[in-house]
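A.B. asks: I'd like to ask some things about the structure below.
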Amino acid sequence: MSNTRRGLPLTSSRIEKIFPKLTPAQIDRIAAHGRIRSVQPGEVLIEQGDTLVPFFVVITGEVEIVRPFGAYETLVTVHGYGEFTGDVHMLSGRRFLVRARATKTGKVIELDHQQLLGLLQTDAELSDILMRAFILRRVELIAAGVGDIILIGSTHSASTLRIKEFLMRNGHPYSYIDLERDPDVQNMLDSFQVSASEIPVLICRGQLVLRNPGNQQIADCLGFNESIDQTQVRDLVVIGAGPSGLAAAVYGASEGLDVMVLETSSPGGQAGSSSRIENYLGFPTGITGQELAARAYLQAQKFGAHMLISKAARLICDSKPYVLELENGARISTRTVVIATGAQYRKLPSENLSRFEGAGVYYGATFIEAQLCGGEEVIVVGGGNSAGQAAVFLAQTAKRVYMLVRSSGLAATMSRYLIRRIENSPTITLLPQTEIVDVEGGNHLESVSWRNNQTGLTEKHQISHIFVMTGADPNTRWLNGCIALDDKGFIKTGQDISPENLSAAGWPLTRPPYLLETSLPSVFAVGDVRGGSIKRVASAVGEGSIAISFVHKVLQE
């Protein structure tokens with residue numbers, strides 16, 4: 001297929017998969033799900049910012065795809081016979097990033113959002129073609145920085161890093177302008193009446209200017225939640241979009257349940273920040289946590305699950321259906337709940353450490369963080385698989401990786417394949433029985449002191465990057481006594497719930513709690529937030545899928 005009709009420089013050589021041409025038989029099968037309509041030159045079929053947009057297949061004529069920004073347009077591609085519109089936002093119903101416009105008189109097949117989901121769920125061949133194209137198109141938009149927003153920030157700004165991670169993990173393309181490196185940045189700031197002291201700044205669709213916005217403000221600006229009916233009583237609400245929560249969403253939605261997923265910021269949980277998972281079944285060459293989460297996220301949406309970017313503030317548990325109150329005051333009603341809020345890495349006891357979070361201290365090792373420390377010395381704190389994966393990943397670009405663990409070695413806490421990688425890497429230095437005692441710096445981390453607890457020797461190094469992956473604290477404070485917890489704050493489930501717990505919770509049923517069910521009937525806990533869970537991605541996915549079998553049971557009670 002000729003590339004002359006494509007407006008963007010494509011990073012992939014698989015043009016035929018990004019812009020496939022459907023066969024006459026495939027076109028006929030799509031037409032059976034929708035309607036054929038005429039289009040005229042200049043007719044806008046989809047406007048940038050539209051939600052729940054229709055899906056079009058070109059029969060005759062042409063449809064061009066452009067990215068508008070202010071008074072200007074960037075050509076993305078032109079679709080001809082047998083080609084189709086759309087990317088992954090066709091599944092979520094979120095705002096469309098580009099404009100689709102007919103350039104010639106012609107005919108198209110039109111499917112609305114529900115008709116497209118029905119096609120994807122019933123026609124395996126077309127589902128494979130369309131889903132692959134949607135995903136690869138979004139990859140190309142992200143690589144080219146073609147989206148509806150511009151981020152102006154600084155590599156020394158913690159908030160810039162937070163916004164980049166939020167956009168990356170939500171798969172939203174953006175253009176980035178660096179305050180220190182881009183010579184034309186002042187002209188951009190002046191045109192939007194923004195001063196350098198107000199960065200990071202997010203410019204949405206060339207109109208709305210957000211100064212150092214929070215994640216919820218960004219989600220609102222981009223319309224992440226616009227297309228979702230928040231008044232409907234759901235069969236199931238899953239709280240948390242880590243591996244266990246996404247597994248519950250995929251299995252629940254694919255089995256016909258009306259599923260909503262609540263996620264505070266972005267899908268993937270702790271696993272989403274893993275640089276490479278190599279011992280997950282079915283991926284012999286490994287997969288990044290972000291890639292795994294993104295695939296599961298799209299898979300859940302393909303089956304009709306709704307994704308809401310918002311934080312659950314409390315569970316109102318004194319009557320049914322249960323009500324989840326969100327941080328913005330909105331309320332979601334549901335018949336069943338799966339809690340998959342996971343756990344967060346424990347912070348180090350150093351007094352100054354929190355000052356440098358996002359400005360030298362990080363709790364994940366993704367491509368974004370790796371860009372900040374290329375050619376420099378870094379520290380990874382922790383002895384588990386996440387720490388090992390981070391050390392191996394960072395060693396590809398860092399000058400030196402110091403790995404600090406409080407124990408005498410890694411054998412008891414890390415997979416053997418990672419230990420071998422660490423031992424064989426000339427870039428990684430393992431420092432057992434060692435912990436950080438002090439950090440110093442101005443606006444960014446500048447130096448780190450660590451102590452060997454066996455010898456008592458303390459060393460100070462000029463290092464500006466620490467990756468912390470030690471221990472885990474459960475995200476359960478928001479439950480406010482609704483559910484029985486163990487002494488570490490993890491949720492008790494099934495046989496781990498004592499008779500005293502059930503009595504205190506007022507368990508109303510004659511049967512005992514099901515496996516993974518909490519002390520509150522019809523409320524389940526899966527993954528890292530559950531007491532006694534195995535801290536592995538595969539285990540989390542298994543628990544999420546198992547929980548759905550019990551959700552079906554309680555819905556029938």
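The values are calculated or read from the model by the stated rules, or taken from the named source; none is laboratory data. Worth saying up front: this structure is predicted, and the values here are computed from it rather than measured. Every residue, glycine as well, gets a Cβ built from its backbone with ideal geometry; the counts of neighbours run over all protein chains shown. Heavy atoms of the whole protein, side chains included, go into the accessibility calculation; ligands, DNA and RNA do not. Shrake-Rupley method; radii C 1.70, N 1.55, O 1.52, S 1.80 Å.
A.B. asks: Between their Cα atoms, which of LYS460/LYS488; LYS164/LYS347; LYS347/LYS488; LYS492/LYS553; LYS492/LYS535 are more than 24 Å away from each other?
C.D. replies: LYS460/LYS488, as the Cα separations exceed 24 Å there.
A.B. asks: Okay, moving on. How large is the dipole of the chain about the Cα centre if only Lys and Arg carry +1 and Asp and Glu carry -1, each at its Cβ, rounded to the nearest 20 debye?
C.D. replies: The dipole of the chain has a size of about 800 debye.
A.B. asks: Treating the beta-carbon of each Lys and Arg as +1 and of each Asp and Glu as -1, no other charges, what is the dipole magnitude of region 474-557 about its Cα centre, to the nearest 20 debye?
C.D. replies: The dipole of region 474-557 has a size of about 160 debye.
A.B. asks: Quick check: with the 1.4 Å probe, what order do ASP128, ASP318 take by accessible area, largest first?
C.D. replies: Sorted by accessible area, descending: ASP318, ASP128.
A.B. asks: Quick one: if you stick a label point 7 Å off each Cα along the C-beta vector at GLN115 and THR155, how many nm between them?
C.D. replies: Those two pseudo-labels are separated by 5.0 nm.
A.B. asks: A further question on this structure: May I ask you to give the solvent-accessible area per residue for region 364-513, in square angstrom, as obtained with a 1.4 angstrom probe?
C.D. replies: 49 Å²
A.B. asks: Kindly rank 322-331, 390-399 from highest to lowest mean number of other beta carbons found within 10 Å of each residue.
C.D. replies: Peptide ranking by packing, descending: 390-399, 322-331.
A.B. asks: Right, something else. Just to confirm my numbers, what's the Cα centroid distance between region 478-557 and region 292-307 in Å?
C.D. replies: What the calculation gives is 24 Å, centre to centre.
A.B. asks: Right, here's the next one. Within the set of other residues whose C-beta is less than 10 Å from the C-beta of TYR362, count the net charge using Lys and Arg as +1 and Asp and Glu as -1.
C.D. replies: Around TYR362, the charge tally is -3.
A.B. asks: What is the percent carbon and sulfur in the accessible area of the chain, measuring with a 1.4 Å probe over the protein chains and ignoring ligands?
C.D. replies: Working: 11700 of 23670 Å².
It is 49 percent, rounded to a whole number.
A.B. asks: Among 248-256, 378-386, how do they line up from the highest to the lowest mean number of other beta-carbon atoms within 10 Å?
C.D. replies: 378-386, 248-256
A.B. asks: Something else: What residues have an amide H closer than 5 Å to that of TYR176, excluding those fewer than 5 places away on the same chain, when H is modeled at 1.01 Å from N in the peptide plane?
C.D. replies: LEU151
A.B. asks: What FRET efficiency comes out for THR23 versus ASP473 if R0 is 51 angstrom and r is the Cβ-Cβ distance? Round to the nearest 0.05.
C.D. replies: Plugging the Cβ-Cβ distance into 1/(1 + (r/R0)^6) gives 0.40.
A.B. asks: Additional query: Which of the aspartates and glutamates could a cross-linker bridge to LYS21, judged by Cα under 19 Å and excluding same-chain residues fewer than eight apart?
C.D. replies: GLU62, GLU64, GLU83, ASP87, GLU110, ASP123, GLU125, ASP128, GLU140
A.B. asks: Would you calculate, for the chain, the mean residue ellipticity at 222 nm contributed by helices, counting each DSSP H stretch of 4 or more residues as -39,500 (n - 2.57) and dividing by all residues, to the nearest 500?
C.D. replies: -8000 deg cm²/dmol
A.B. asks: Still on this structure, please answer the following. All other residues with a Cβ under 14 Å from the Cβ of GLU376 taken together, and with Lys, Arg as +1 and Asp, Glu as -1, what is their net charge?
C.D. replies: Once positives and negatives cancel, what remains is -1.
A.B. asks: Please find the FRET efficiency linking GLN495 to ALA32, where r is the Cβ-Cβ separation and R0 is fixed at 41 Å, and quote it to the nearest 0.05.
C.D. replies: Using R0 = 41 Å, I get an efficiency of 0.20.
A.B. asks: Quick check: the distance between the Cα centres of region 181-200 and region 399-462, to the nearest angstrom?
C.D. replies: 39 Å
A.B. asks: Still on this structure: List, in order, the whole-Hz ³J(HN,Hα) value for each residue of region 263-275 obtained from phi through the Karplus relation with A = 6.51, B = -1.76, C = 1.60 and θ = phi - 60°; use x for Gly and Pro.
C.D. replies: For region 263-275, the Karplus-derived couplings read 9, 5, 9, 7, x, x, x, 4, 4, x, 9, 6, 5 Hz, x marking Gly and Pro.
A.B. asks: Additional query: Run the simple label-point estimate for SER127 and ASN328 please: 7 Å along Cα→C-beta, distance reported in nm.
C.D. replies: 3.2 nm
A.B. asks: Hydropathy at least 0.5 by Kyte-Doolittle, axial extent at least 15 angstrom from the Cα trace: which helices of the chain, defined as entire DSSP H runs, fit?
C.D. replies: TM-like helix candidates: 124-144, 243-254, 537-556.
A.B. asks: Per-residue counts of other Cβ atoms within 10 Å, averaged by peptide: what ranking do you get for 105-118, 461-474, 180-193, highest first? Mind dumping the intermediate values first?
C.D. replies: Details: 105-118: 17.6, 461-474: 19.9, 180-193: 11.2.
Ranked by mean Cβ neighbours within 10 Å, highest first: 461-474, 105-118, 180-193.
A.B. asks: Give the ranking of LEU502, LEU509 by solvent-accessible surface, highest area first, calculated with a 1.4 Å probe.
C.D. replies: LEU509, LEU502
A.B. asks: Would you mind checking which residues have amide H under 5 Å from VAL437's amide H? H placed 1.01 Å from N; only 5 or more apart, or other chain.
C.D. replies: Correct list: SER449, TRP450, ARG451.
A.B. asks: Between ALA313 and THR264, what is the spin-label point distance in nm, taking each point 7 Å from the Cα along the Cα→C-beta axis?
C.D. replies: So the label points at ALA313 and THR264 sit 1.5 nm apart.
A.B. asks: Moving on. Note the full-extension length gain between ASN212 and GLU47 as 0.36 nm times their separation in residues minus their Cα-Cα distance, in nm to one decimal.
C.D. replies: Roughly 56.6 nm would be gained on extension.
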